[in-house]
Amino acid sequence: MHGDADVGAMALHLTVRIDERRTEPEVWRAVIRSGEESGAGARVLTAATLHRVHYADPSWAEQLREAVPDLSSIGSAFADRELISMIDESSLFTDSLCVISSVDIDAAAVGSLVSHALVRGVARVFDGDTIAILLTGAFPAAMGGPVVDPAEVAARRAHWASIGFVDIPGTAAMLLPVGSRP
């Protein structure tokens, strides 16, 4: 995969945790490591946590709400099909919702746009899904917890809008329209 910036060779690594009873969302971990080293010793440039639910499961919104309380507003927004159709009608025809609930970036990689490469890779892998990102969870503060500083949220909004994400009204989240994908 080629990144936005020339940060060397990169590879997107995905791992998943699935509840066998299917009562919880799939929890994915997406990681891009530095190409300078190989194996487990390679430096992690950026990593994201994804929560994925299938619309065919009637309890998908509750699964999101119970997994991470900050995801309840996204679940409610996506349950409102009229709202989503105003943002991106094509998103109504996907099978699953993949919410990027956090993105961490190594201090040395800040400014390289490696987070864009990670999210574009996620969008390619989950091509048949609706992709959303939680603004208050993306780039979490070092001490944990959501970021609520309006200037920081605005900066994140601009960062993700630059690759096609659009606001979801009534939430601190954005949607990547199907037509804006790589």
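The values are calculated or read from the model by the stated rules, or taken from the named source; none is laboratory data. Remember, predicted model here, so these are calculated numbers, not experimental data. Neighbour counts are summed over all protein chains in view; Cβ atoms, including those assigned to glycine, are modelled from backbone coordinates with ideal geometry. Please note that ligands, DNA and RNA were not included when accessible areas were found on the heavy atoms of the full protein model with its side chains. Shrake-Rupley method; radii C 1.70, N 1.55, O 1.52, S 1.80 Å.
Pairs meeting the criteria (first residue in the stretch 20-48 and on the phi > 0 side of the Ramachandran plot, second residue surrounded by fewer than 17 Cβ atoms within 10 Å (Cβ to Cβ) and modelled with pLDDT of 90 or more, beta carbons under 8 Å, at least 6 apart or on different chains) are 22/57. Comparison of 100, 105 shows that the only residue that is in contact with a helix residue (DSSP H, G or I) (Cβ under 7 Å, 6 or more places away or on another chain) and modelled with pLDDT of 90 or more is 100. Report yes if residue 33 is crowded, with 18+ Cβ neighbours inside 10 Å and touching a Cys at 6+ places or on another chain (Cβ under 8 Å), otherwise no. Considered against the rule, which asks whether it is crowded, with 18+ Cβ neighbours inside 10 Å and touching a Cys at 6+ places or on another chain (Cβ under 8 Å), residue 33 comes out as no.
Among what's in the stretch 112-128 and is β-branched (Val, Ile, Thr) and within 17 Å of residue 96 (Cα to Cα), pick the residue that is most open to solvent (accessible area, probe 1.4 Å). Here the residue is 125.
Checked against the criteria, residue 77 counts as in contact (Cβ under 8 Å) with a residue 24 or more places away in the chain, under 19 Å from residue 177 (Cβ atoms) and touching a Leu at 6+ places or on another chain (Cβ under 9 Å). Of the residues contained in the stretch 2-14, one or more are found to be at pLDDT below 85, under 19 Å from residue 174 (Cβ atoms) and not hydrophobic (A, V, I, L, M, F, W, C).
Criterion applied to 72, 76 was being at pLDDT below 90 and under 19 Å from residue 27 (Cβ atoms), and the one residue passing it is 72.
Give me a count of the residues in the stretch 36-69 that are open to solvent by 50 Å² or more (accessible area, probe 1.4 Å), modelled with pLDDT under 90 and either touching a strand residue (DSSP E or B) at 6+ places or on another chain (Cβ under 7 Å) or over 30 Å from residue 23 (Cα atoms) (or both). Summing the residues that are open to solvent by 50 Å² or more (accessible area, probe 1.4 Å), modelled with pLDDT under 90 and either touching a strand residue (DSSP E or B) at 6+ places or on another chain (Cβ under 7 Å) or over 30 Å from residue 23 (Cα atoms) (or both) in the stretch 36-69 gives 8. Yes or no: residue 103 open to solvent by less than 20 Å² (accessible area, probe 1.4 Å), without any contact (Cβ under 8 Å) to a residue 60 or more places away in the chain and β-branched (Val, Ile, Thr)? Against the criterion (open to solvent by less than 20 Å² (accessible area, probe 1.4 Å), without any contact (Cβ under 8 Å) to a residue 60 or more places away in the chain and β-branched (Val, Ile, Thr)), residue 103 qualifies.
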